[in-house]
C-alpha cells in the first residue's frame, strides 16, 4: 500500500463514518491519486503539435522571433487539433512542390461520392476514402504517398488554411516546407472530370479538371490525440 493509500485509509477510520458502500470505499483507497472513472478525462488542448518518429506529439508553442533554419530533427509531421477534428500534415508538398495533375486517367468508375456544390464540399472530411477512389481512377504517380498518407478533403484543407500561420511556423521550426500561398488540390471530387481546389492565400475555392489542370498537393495522415 502506498503512502497516499495509507493516508486515505487513516482518514476513513478517523471519520468513523458508516461505510455502507464498501465498493466505493475500496475504489477511493485504491485510486492512489488517479482520476476517478466517474470524472471526465482531460482532453488534449487544441493547437499545433510536433509529431515525433514514434508517433508521440509535442504541443508547439510559437516562438517570436523564430530562429530561421533551426531545423529540429526527429519529427515527421505537424499535427493540427481543433475540437473533434485533427490531421497530421506532411512536412513537404508531393512531387517536390511542382504543380501536377491529380489523376492521369479519365474517371469511368461511376462513383457516387461527388460533391457538386459548396455546402457539401466544405462538409467533406473523408480525405482517406476520397484518395482511395482517386487511386482506382489512376492517381498521378508523382503523388508518391507514404503508408497512411492521403490527399486532404475540402474540410481538411480548410483546417490547414485556418491554422496556416502557426502551422508554417512549426514547419519551419522542424525544417519542413511551409504551405504556399497557392492553389492546392483536395481529394473532394466535384464530378467525374473535376475536383475541388483551394487557394491557401485567400481561401478561394474552385474546381478543376483532375487529369488536365495542375496544382500543388500536400499529403496528410490521421492524427488521433485525446
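Determine which single condition residue 141 fails, assuming it passes every other condition in (1) within 15 Å of residue 103 (Cα to Cα); (2) free of Cβ contacts under 8 Å to residues at least 40 places away in the same chain; (3) not in a loop (DSSP other than H, G, I, E, B).
Among (1) within 15 Å of residue 103 (Cα to Cα); (2) free of Cβ contacts under 8 Å to residues at least 40 places away in the same chain; (3) not in a loop (DSSP other than H, G, I, E, B), the lone unmet condition for residue 141 is (3).
Would you say residue 124 is crowded, with 20+ Cβ neighbours inside 10 Å, touching a helix residue (DSSP H, G or I) at 6+ places or on another chain (Cβ under 6 Å) and modelled with pLDDT under 95?
The answer is no for residue 124.
Is there a residue being part of a loop (DSSP other than H, G, I, E, B), closer than 18 Å to residue 96 by Cβ and touching a residue at least 12 places away in the same chain (Cβ under 8 Å) anywhere in region 190-206?
Within region 190-206, one or more residues are part of a loop (DSSP other than H, G, I, E, B), closer than 18 Å to residue 96 by Cβ and touching a residue at least 12 places away in the same chain (Cβ under 8 Å).
Residue check, residue 181 against (1) surrounded by fewer than 19 Cβ atoms within 10 Å (Cβ to Cβ); (2) within 22 Å of residue 209 (Cβ to Cβ), all met but one. Which one?
If we test residue 181 against (1) surrounded by fewer than 19 Cβ atoms within 10 Å (Cβ to Cβ); (2) within 22 Å of residue 209 (Cβ to Cβ), just (2) comes out false.
Please count how many residues of region 127-157 are under 20 Å from residue 77 (Cβ atoms) and surrounded by 18 or more Cβ atoms within 10 Å (Cβ to Cβ).
Of the residues in region 127-157, 13 are under 20 Å from residue 77 (Cβ atoms) and surrounded by 18 or more Cβ atoms within 10 Å (Cβ to Cβ).
Looking only at region 145-178, filter to residues that are over 15 Å from residue 128 (Cβ atoms), in a loop (DSSP other than H, G, I, E, B) and in contact (Cβ under 8 Å) with a residue 60 or more places away in the chain; which one of those is farthest from the chain's Cα centre (by Cα)?
175
The conditions are (1) assigned to a loop (DSSP other than H, G, I, E, B); (2) out of contact with any helix residue (DSSP H, G or I) (no Cβ under 7 Å at 6 or more places or on another chain); (3) within 12 Å of residue 210 (Cα to Cα), and residue 110 fails exactly one of them. Which is it?
(3)
The values are calculated or read from the model by the stated rules, or taken from the named source; none is laboratory data. As the structure is a prediction and not an experimental result, all values here were calculated from the model. Cβ atoms come from the backbone with ideal geometry, glycine included; neighbour counts cover every protein chain shown.
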